[in-house]
Every structure is written in C-alpha cells, then in structure tokens.
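Inspection log for the structure reproduced underneath, given as structure tokens.
Every number in this text was worked out from the coordinates using simple rules, so none of it is lab data. Predicted, not measured: the structure shown is a model, and the values here were computed from it. When we count neighbours, we look across all protein chains shown, and the Cβ atoms used for this are built from the backbone with ideal geometry, even at glycine.
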Amino acid sequence: MANQDDFEFFMDQLLDAAIREFKETERYKLLQEKLEQMDRDCDDMFAASEREFATKCFELLLDVAGQEEQYVYRKGLLDGVKILRRLGAFA
C-alpha cells in the first residue's frame with residue numbers, strides 16, 4: 001500500500017510540475033486572455049441567473065478536463081514504463 005501511495009504522490013508531483021511549467025508559456029497566457037474575455041462577454045450578455053448557470057457549466061467543463069488531463073498524464077507515464085520494460089531498459 002505504501003508503494004502505491006508513494007507512486008501516486010510521485011505522479012501528482014510530476015503533473016503539478018508540468019502544469020506549473022505550462023502556465024509559464026506564452027500559449028497559456030493567450031488562453032487565459034481568451035478565458036478572461038469570455039468571462040467579460042458572459043457578464044455583458046447574460047442576466048444574473050444565466051451567468052450563474054453558465055458559470056456552473058464552465059466549472060463542470062474545467063473539472064472534467066482536469067480529470068481527463070490527470071488520467072491521460074498518468075496513463076502516459078505508465079505506458080512509457082511498459083515500453084521501456086519491453087525494450088529491456090528495466091530488469
């Protein structure tokens with residue numbers, strides 16, 4: 001169990017580092033600008049109840065995307081280890 005917990009912690013640390021690294025890129029900055037513009041547009045275009053609904057929708061979409069990101073990242077790491085084992089890089 002401790003090995004699994006250590007592995008999960010290690011995977012989380014790698015993912016967090018990758019996210020921090022991505023947030024330093026120009027691409028992330030451009031995406032953030034687009035999100036901020038979309039947020040301003042929603043404030044201008046929607047009534048209060050509609051904004052609340054839109055906010056909940058966006059939060060759900062971001063949560064789902066984050067879960068997918070985490071799954072794909074972990075799966076990629078595990079697949080990489082499998083490939084290295086098959087190639088004989090690990091005993």
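Just checking my list [x] 20, 15, 12; [y] 25, 18, 13; [z] 38, 16, 11 against semi-axes √(5λ) of the Cα gyration tensor in Å computed from this structure; which label fits? The value matching this structure is [z]. Computed from point charges on the beta carbon alone (+1 for Lys and Arg, -1 for Asp and Glu), the dipole magnitude for the chain about its Cα centre is near 660 Debye. All other residues whose Cβ lies under 13 angstrom from that of GLU8 are scored, Lys and Arg at +1 and Asp and Glu at -1, for a net of -3. The ranking of ILE19, ILE83 by Cβ neighbour count inside 10 Å, starting from the fewest, reads ILE83, ILE19. Helix content alone sets the calculated 222 nm mean residue ellipticity of the chain: runs of n ≥ 4 DSSP H residues at -39500 (n - 2.57) each, divided across all residues, give -31500 deg cm²/dmol. Select from LEU30, GLN67, PHE10 the residue farthest towards the positive end of the dipole of segment 2-86; place +1 on Cβ of Lys and Arg, -1 on Cβ of Asp and Glu, and compute about the Cα centre. Of LEU30, GLN67, PHE10, it is PHE10.
Specify the angular offset, from 0 to 90 degrees and rounded to the nearest 10, of the alpha carbon long axis of helix 48-86 from the longest principal axis of the alpha carbons in the chain. Tilt relative to the chain: about 10 degrees.
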